């Protein structure tokens, strides 16, 4: 069964952001600000990509969506970062309404629209467990009756971490958060054009059955200065530096290496 992930990388959608802008040009100016882009690239390199390289089930596709207005030097840097990940492809699109363009991209990515598929959203500042694809596929296989009777079923891995990243490494705290974007997947029946982008992640349970698994941490949600959801006043989440045991767990479960995070965020690219 095809597994398709969708990641927006500073795509200037019409809508889809909690922080509003007066025009598309104002949104692009915000998204492409050099300081913001540097932070996003560091998060993408040190947090989002390592776990994709180490998935225990490598049979998945990840589409990274960028705007056709992304400055050339940023596009070149992005393509260089994903060049060694065969599952990743970059698609350029002009600004369009957020949900419609993402639905169109997901449906166009289905190799056989008459066959069922699995879908997930992937933020460029998060990490998933290295067995996420394997467990998503296995969970669907474990529930054949449920999948057969419904056009769509959500799979929610709701245990994980909130983390901050910087030159001092990784600080984190464990959380239980149902229906978070990170580690939320969806089964789609063959011949059905519905996608995971049809639904707000926190409301997905209103529209379909869901399977919830709380047996292991499956995501790391990045908190930082350019979170769209944190541009408005929000309750802070206290985090603490990882212990030695936690550093080992983060490396084993998420391919997140404290030393590499320190290196990337300090700007040190020496071997």
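The values are calculated or read from the model by the stated rules, or taken from the named source; none is laboratory data. Just so you know, these numbers come straight off a predicted model, no measurement behind them. Heads up, the Cβs are rebuilt from the backbone with ideal geometry, glycines too, and the neighbour counts pull from every protein chain shown.
So here's what we get for this one:
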item	result
Some residue of region 208-216 being crowded, with 20+ Cβ neighbours inside 10 Å and touching a strand residue (DSSP E or B) at 6+ places or on another chain (Cβ under 8 Å)	no
Filtered residues of region 74-95 (kept if assigned to a loop (DSSP other than H, G, I, E, B), more than 18 Å from the chain's Cα centre (by Cα) and surrounded by 16 or more Cβ atoms within 10 Å (Cβ to Cβ))	95
Criterion (touching a residue at least 60 places away in the same chain (Cβ under 8 Å), out of contact with any strand residue (DSSP E or B) (no Cβ under 7 Å at 6 or more places or on another chain) and closer than 18 Å to residue 199 by Cβ) met by exactly one of 97, 103	103
All positions within region 104-130 that are assigned to a helix (DSSP H, G or I) and under 25 Å from residue 144 (Cα atoms)	106, 107, 109
Filter pass, residue 134 being in contact (Cβ under 8 Å) with a residue 24 or more places away in the chain and either assigned to a helix (DSSP H, G or I) or on the phi > 0 side of the Ramachandran plot (or both)	yes
Qualifying residue in region 232-247 (condition: at positive phi, in a strand (DSSP E or B) and modelled with pLDDT of 95 or more)	no
Extreme residue, surrounded by the fewest Cβ atoms within 10 Å (Cβ to Cβ), among residues of region 248-271 that are at negative phi, assigned to a loop (DSSP other than H, G, I, E, B) and at pLDDT 95 or above	257
The listed residue being on the phi > 0 side of the Ramachandran plot and either buried (at least 18 other Cβ atoms within 10 Å of the Cβ) or at pLDDT below 95 (or both), out of 163, 183, 200, 172	183
Evaluation of residue 56 against (1) modelled with pLDDT of 95 or more; (2) surrounded by 16 or more Cβ atoms within 10 Å (Cβ to Cβ); (3) out of contact with any strand residue (DSSP E or B) (no Cβ under 6 Å at 6 or more places or on another chain) (one fails), failing number	(2)
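Condition check ((1) in contact with a helix residue (DSSP H, G or I) (Cβ under 8 Å, 6 or more places away or on another chain); (2) part of a strand (DSSP E or B)) across all residues:
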{"site": "182", "(1), (2)": "no, no"}
{"site": "191", "(1), (2)": "no, no"}
{"site": "202", "(1), (2)": "no, no"}
{"site": "215", "(1), (2)": "no, no"}
{"site": "220", "(1), (2)": "yes, yes"}
{"site": "224", "(1), (2)": "yes, no"}
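Residue by residue, here is whether (1) under 21 Å from residue 224 (Cα atoms); (2) modelled with pLDDT of 95 or more; (3) out of contact with any strand residue (DSSP E or B) (no Cβ under 6 Å at 6 or more places or on another chain) holds:
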| position | (1), (2), (3) |
| --- | --- |
| 14 | no, no, no |
| 37 | yes, yes, yes |
| 75 | no, yes, yes |
| 115 | no, yes, yes |
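Here is a yes/no grid of residues against (1) part of a loop (DSSP other than H, G, I, E, B); (2) touching a residue at least 24 places away in the same chain (Cβ under 8 Å); (3) more than 26 Å from residue 110 (Cβ to Cβ):
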| site | (1), (2), (3) |
| --- | --- |
| 38 | no, no, yes |
| 41 | no, yes, yes |
| 44 | no, yes, no |
| 47 | no, yes, yes |
| 52 | no, yes, no |
| 55 | yes, yes, no |
| 59 | yes, yes, no |
| 66 | no, yes, no |
